[in-house]
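Asker: Got a structure here, written out as structure tokens. Questions coming.
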Ligand code: 0T9
């Protein structure tokens, strides 16, 4: 492990070995300090909108085909941020902070060049197992993305395999007043480079973007497959007869998701390109008076832990982390004593999702349904304006 500090080599080795025996949920495992990220998983949904103009552009599509293509382009353009940005900012993939139940993150991307204001709201709706629910809305463009994420991890041939559970639904309000809905499913991950102490993600298998009369399948391949390059993908957009897309032919694009791609069939020239800069979310307070952050808002809750990790003061980081975890355990105990259970501030959980079911059927997506976390439309005052 070249990337592992000498003093942490044996604890890294035992961490890697213990991965093989922990199956399902790695979030609460204790890892050596060098691999800790100061950022909580509740901040990750911001990756969906770090190119706000591509999100906004979905609303400009004049035909179902134009819109389905812009949804696909926006989706593929989020992958670089979702899966390689920690390598860029911190040198490798790192272990994110495991969110507390009810942890919140609010943020916004300001209006610029007519793209409209885009807002983000995230809540940790389950701790065991960890489940994060989120909504991203661009009101002026009639766009709303609602989704949730969970992970099931396993260990195979020296790599961590992460099956993502959850999905997102994008609703597009058309000028005519009618709505289009798109189901977005999530790729499987393989975390490689563990032995060297410099983990990185490769995407595997495939994921779907289904809606507006089209089924989009994105196939992921790493080194040694069709283009021989890491982070390769091939996306196929197929019109569904009788669903508005039938007038057009199949469209195929190929490339690497962390750089760019080109049309192979049904078009010419470049498709997506993420070699340019992205725009990080502006975190805003939502719970406290004015626009201050309340105690459950991620950057406030983890403030001292994050500071400790950033500054290499791991004693403080671990003391503060234990303090937060104990406090949360006490809250759950108090609730139990009072015959209460935690209720989500922003979402209502349902055992099935009609959009997932109907869109999923078109592409034969398994499982046949998933839970839904329905947003209660209760934006904090700081994002209501
Ligand atoms: C949803 C994303 C997800 C969350 C992270 C697997 C992972 C937790 C989940 C899937 C986002 O939209 C996209 C990106 C990165 C994913 C994380 C990468 C990662 O390593 C962690 C897991 C739980 C670990 O921390 C494993 C241990 C660690 C030492 C390896 C770096």
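Each reported figure results from applying straightforward, stated rules to the coordinates on display, with no laboratory input. It should be emphasised that the depicted structure is a prediction, and the values quoted were computed from it without experimental measurement. FYI the Cβ positions are ideal-geometry reconstructions off the backbone, even for glycines, and counts take in every protein chain you see.
Asker: As an exercise, use a Förster radius of 51 Å and the Cβ-Cβ distance of residue 229 and residue 330 to find the FRET efficiency, rounded to the nearest 0.05.
Answerer: Rounded to the nearest 0.05, the efficiency is 0.50.
Asker: Can I ask one more? Fewest first, what order do 233, 155 take by the number of other Cβ atoms within 10 Å?
Answerer: Ordered from fewest to most neighbouring Cβ atoms within 10 Å, 233, 155 come out as 155, 233.
Asker: To the nearest 500 deg cm²/dmol, what mean residue ellipticity at 222 nm is calculated for the chain from DSSP H runs of n ≥ 4 alone, each contributing -39,500 (n - 2.57), summed and divided by the residues?
Answerer: -7500 deg cm²/dmol
Asker: May I pose another question? Could you work out the relative contact order of region 252-377? I mean the mean sequence separation of Cα pairs under 8 Å and 6+ apart, divided by the number of residues, in percent.
Answerer: Computed over region 252-377, the figure is 11 percent.
Asker: Within 10 Å of each residue's Cβ, count the other Cβ atoms and sort 195, 74, 12 from fewest upward.
Answerer: The most exposed by this proxy come first: 195, 12, 74.
Asker: May I ask you to list the residues of region 192-225 whose amide nitrogen lies under 16 Å from a point 7 Å from Cα along the Cα→beta-carbon direction of residue 366?
Answerer: Label zone hits: 205-208.
Asker: Can you tell which of 297, 93, 66 shows the greatest fluctuation in a Gaussian network model of the chain with Cα springs below 10 Å?
Answerer: Most flexible of the set in this elastic network: 66.
Asker: If I fit a long axis through the Cα atoms of helix 9-19 and take the longest principal axis of the Cα atoms of the chain, what angle between them do I get, 0 to 90°, rounded to 10?
Answerer: Helix 9-19 sits at roughly 60 degrees to that axis.
Asker: Tell me the angle of helix 64-90 to the major Cα principal axis of the chain, expressed in degrees between 0 and 90 and rounded to the nearest ten.
Answerer: Long axis of 64-90 versus the principal axis of the chain: about 20 degrees.
Asker: Can you tell me how region 250-361 classifies by the Cα gyration tensor, rounded, prolate or oblate, using a/c under 1.5 as the rounded cut?
Answerer: Oblate is the answer for region 250-361, as a/c is 1.5 or above yet b/c matches or exceeds a/b.
Asker: How far apart, in nm, are two points set 7 Å out from the Cα along the Cα-to-Cβ line at residue 275 and at residue 163?
Answerer: Between residue 275 and residue 163, the simple spin-label model gives 3.8 nm.
Asker: Can you compute the FRET efficiency between residue 337 and residue 2 using 1/(1 + (r/R0)^6), with r the Cβ-Cβ distance and R0 = 45 Å? Round to the nearest 0.05.
Answerer: 0.35
Asker: When a footprinting reagent is the concern and you count Cβ atoms within 10 Å, what order do 231, 127, 282 take, fewest first?
Answerer: The order, fewest Cβ neighbours first, is 282, 127, 231.
Asker: Further, regarding this structure: May I ask you to derive the FRET efficiency for residue 156 and residue 90 from their Cβ-Cβ distance with R0 = 25 Å, giving the value to the nearest 0.05?
Answerer: Once the sixth-power term is evaluated, E becomes 0.50.
Asker: Does region 268-314 come out rounded, prolate or oblate by the C-alpha gyration tensor, with a ≥ b ≥ c the root eigenvalues, rounded set by a/c under 1.5 and, if not, prolate when a/b is larger than b/c and oblate if not?
Answerer: Note, shape of region 268-314 comes out oblate.
Asker: Still on this structure: Kindly provide log₁₀ I(q)/I(0) values, in the same order as q = 0.07 Å⁻¹, from the Debye equation applied to equal alpha-carbon scatterers of the chain.
Answerer: -0.32
Asker: Right, next: Taking a ≥ b ≥ c as the square roots of the eigenvalues of the Cα gyration tensor of region 150-301, is the shape rounded (a/c under 1.5), prolate (a/b larger than b/c) or oblate?
Answerer: Oblate is the answer for region 150-301, as a/c is 1.5 or above yet b/c matches or exceeds a/b.
Asker: Under the definition of Cα pairs under 8 Å and six or more residues apart, what whole-number percent is the relative contact order of the chain?
Answerer: For the chain, the relative contact order is 15 percent.
Asker: Give me the number: length gained by fully extending residue 376 to residue 265, i.e. 0.36 nm times residue separation minus the C-alpha to C-alpha distance, one decimal in nm.
Answerer: Gain on stretching residue 376 to residue 265: 35.8 nm.
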